[in-house]
1. Relative contact order of the range 13-83, please, whole-number percent, based on alpha carbon pairs below 8 angstrom and at least 6 residues apart.
2. Tally Lys/Arg at +1 and Asp/Glu at -1 over every other residue whose Cβ is under 10 Å from the Cβ of Val121; what's the total?
3. Between Leu630 and Asp76, with labels modelled 7 Å along Cα→Cβ, what's the label distance in nm to one decimal, could you check?
4. I'd like the carbon and sulfur percentage of the solvent accessible area for the chain, probe radius 1.4 Å, heavy atoms only, ligands and nucleic acids excluded.
5. Can you give the net charge of the other residues whose Cβ lies under 11 Å from the Cβ of Gly723, counting K and R as +1 and D and E as -1?
6. Using a 7 Å offset from the Cα along the Cα-to-Cβ direction at both Ala342 and His454, what is the distance between the two label points in nm, to one decimal?
7. Using modelled backbone amide H atoms (1.01 Å from N, in-plane), which distant-in-sequence or interchain residues come within less than 5 Å of Leu466's amide H?
8. Measuring from label point to label point, each 7 Å out along Cα→Cβ, what is the Asp638 to Asn524 span in nm?
Amino acid sequence: MQESLYTTKSDFEIIEPKIYKMIATRGVVIFPGQTINFDIAREKSLSALQKAAEEKEDVFIVAQKRASIANPAPKDIYRVGTVCKIKQVLKLPNNTVRVLVTGLTRMQIENYVQIAPFFEVQLNSYGDPMEDSLLLEAAKRNTQENFELYKKLDHKIPTEVSASLTVFESEKFINAIATFVYNTDTLKQGLLQEKTTAAQLINISKFFKKEAEIMAVEKKIAADVRESVAKGQREFYLREQIKAIKKELGDEEEESYLKKAKEKKLPAFVMDKVKGEVARLEKMAATSPDAAVLRTYIEWLLDVPWAEATSENIDLVKARQILDEDHYGLEKVKDRIIEFLAVHKLTNNLKGPILCFVGPPGVGKTSIVASIARAAGKKFVSVSLGGVKDESEIRGHRRTYIGALPGRIISSMKNAGVVNPVFLFDEVDKMSSDFRGDPASAMLEVLDPNQNNHFSDHYLELPYDLSKVMFVMTANTMDSIPLPLLDRMEIIELSGYSYAEKLQIAKKYLIKKQLEANGLASSNVNITDDAIISIITGYTRESGVRSLEREIGSIVRKLAVKAVNDGVTSVDVTIEPSNVESYLGPIKYKNSDKAKQGEVGSATGLAWTSVGGAVLSIEVAIISGGKGELLLTGSLGDVMKESCMTALSMLKSKAEKYGIGIEKFTKNDFHIHFPEGATPKDGPSAGITISTALLSALTGKKVRGDVAMTGEVTLRGKVLPIGGLKEKSLAALRYGVKTLIIPSENATDLKDIPKEVKDAIEIISVDNIDQVFDIALEK
């Protein structure tokens with residue numbers, strides 16, 4: 001009779017489906033016959049353990065797939081585990097329990113009976129009761145052979161255990177291998193899930209074979225390294241060992257740099273530089289400080305755009321539409337931008353002048369540059385040059401310095417990610433220089449179309465092409481911009497806004513913007529035109545609209561508070577001039593009484609500043625018993641001091657004409673004061689104002705309070721032209737002036753004066769100082 005090829009395991013029990021309490025473990029896989037202790041801290045596991053111990057039941061212990069999951073769901077838990085007998089439970093501090101268990105038999109989860117307050121599962125038997133005896137015997141022999149080879153190469157298993165360990169005691173052997181050799185939960189779980197003893201032994205045999213091959217390669221690597229280094233050179237030995245390992249594994253950092261460089265399709269000279277630096281990096285220790293510096297440099301070379309560009313698709317109609325959407329008025333500025341884009345589209349180069357927007361704060365210089373980028377379909381980056389006084393801010397630091405990095409130009413190009421963005425240099429007039437260099441000189445190369453195609457950054461040490469970048473500048477004043485830099489720019493002036501323009505900007509942009517910013521976008525907030533004008537005249541004194549936006553924002557925030565207190569998300573309110581004060585408090589700027597009455601020795605002039613036009617009050621006091629000396633106060637610059645001297649000398653030369661005795665100039669001192677002494681003042685445009693105030697003080701005639709004036713005066717009494725007439729006229733309007741005296745040569749600038757100024761103020765052009773006196777002095 002033929003002998004059966006299959007045997008039934010004597011210790012295998014076919015167990016009908018039964019319900020067990022379950023504990024999901026992290027980092028613990030238990031095998032049948034194995035006694036092990038582990039700690040439990042999770043509430044769900046503690047509850048399952050306590051319940052099983054109280055009912056004197058065995059417990060099902062199974063590993064979860066990822067140890068990082070704090071509260072595993074059924075999908076996070078393996079289905080095969082081990083039914084264990086609870087041997088001992090020991091309470092530890094911090095609500096932790098240490099439990100000692102012995103594995104009984106492997107089982108598989110059929111389904112989950114309950115998830116909370118602890119896991120309870122229905123189990124089925126796991127494994128194949130019919131074992132192929134021939135396969136089992138072959139597996140034992142093969143595993144024993146590979147085990148003997150493994151023991152010679154690795155000593156993970158303690159000597160006292162390995163001496164008595166034999167594959168023919170299968171359960172003991174498998175438990176020992178899982179405990180001492182298998183170093184990951186995944187390996188242990190894979191071994192546990194093998195259905196037969198033969199399959200488990202084959203799993204172990206394959207592991208021994210693979211580990212033996214790896215250790216043989218490691219020995220070969222060690223031998224190769226020992227041959228290449230001298231005795232005692234431990235550091236070099238370790239470095240060579242790392243190189244050999246990387247070579248065996250095909251995992252080299254340097255290769256990733258070269259791969260990325262090829263993918264970016266770098267220019268040939270950049271590719272050569274990357275290859276050279278990577279070759280240097282290969283010769284350095286991975287932990288060397290120089291290696292870290294070199295890695296940073298290579299990464300910069302790979303991150304900076306060398307060829308990437310946005311597509312050039314300029315639509316002038318769409319560009320004009322975008323400019324009109326973003327900004328009210330500024331027609332001349334918009335026309336020049338459209339011209340600039342049209343030329344760029346036709347020539348496909350940017351060798352024309354660099355646009356520089358000059359104007360007081362808050363008139364939209366920066367935002368209109370962002371609109372240019374949107375209109376041209378380009379990316380937008382900006383660099384603020386305010387306070388920059390070091391050339392390295394522009395050109396970068398050389399790599400010899402610790403912590404060296406590229407300058408702001410290259411850093412911004414990296415952020416843009418393309419070689420043809422719109423690049424804004426903001427506040428270019430705020431640059432300065434010191435012992436570290438002159439950043440303005442470095443900017444010359446950046447802005448010169450004939451040089452910037454090979455811009456040199458000290459850190460990169462490679463020529464970088466900036467010729468495709470659309471550079472745009474902004475400034476508050478041209479006075480502090482160096483002349484060579486100014487020569488490369490086309491100045492586009494943005495003047496202050498008139499009341500009518502501010503009204504339209506508030507209605508079309510500011511109110512809507514503040515409603516959205518403060519969560520009231522769906523509200524019906526109606527601020528009447530008269531209310532907006534009252535805010536403009538009573539709460540702001542500016543050329544731009546920033547203060548106006550802040551005041552509107554203040555009103556909207558108070559409405560937001562009201563909406564929250566009323567428990568609603570929107571409000572329906574109309575703001576009239578009569579209730580503006582209830583939102584913004586008392587009026588900050590009231591109409592001055594200056595326009596209602598004249599004074600002796602006091603005249604009103606007009607000045608242009610970097611923040612717009614301003615009214616300048618000039619006072620003259622005659623001090624008797626003096627020697628004809630001139631005392632000047634009020635933080636005056638040299639040009640303004642000379643204007644005072646010129647005005648006094650001019651009046652001396654015409655004393656007889658104006659009925660002034662010469663002794664008044666020799667026996668009195670003259671004190672000319674410009675109020676707001678902390679504010680620096682300079683320029684020649686106050687000449688006719690100073691002359692008028694002096695003549696008033698000398699003759700006792702009052703200067704009309706509703707008259708303001710601006711113009712330079714000569715020794716012969718001629719009135720010369722000045723700049724900033726639009727800003728000065730707007731300041732006169734805010735001040736309540738009724739008559740404005742200007743030089744005749746500035747009559748051509750009247751076309752730029754807003755209509756509301758012309759309607760409210762009588763503007764008179766004069767050629768000489770006598771005409772000024774006739775208008776300004778009361779009869």
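1. 40
2. So the surrounding residues net to +1.
3. Taking the simple label geometry, Leu630 and Asp76 are separated by 8.7 nm.
4. On the way: 19870 of 39100 Å².
Answer for the chain: carbon and sulfur cover 51 percent of the accessible area.
5. Details: positive: Lys726, Lys728; negative: Asp479, Glu493, Glu712, Glu727, Asp749.
It works out to a net charge of -3.
6. Calculated label separation equals 3.6 nm.
7. Sorted by chain and number, the residues that satisfy this are Asn453, His454, Phe455.
8. 6.5
The values are calculated or read from the model by the stated rules, or taken from the named source; none is laboratory data. Fair warning: this is a prediction, and the values are worked out from it, not measured in the lab. Cβ atoms come from the backbone with ideal geometry, glycine included; neighbour counts cover every protein chain shown. In case anyone asks, the SASA skips ligands and DNA or RNA and just uses the protein heavy atoms, side chains included. Shrake-Rupley method; radii C 1.70, N 1.55, O 1.52, S 1.80 Å.
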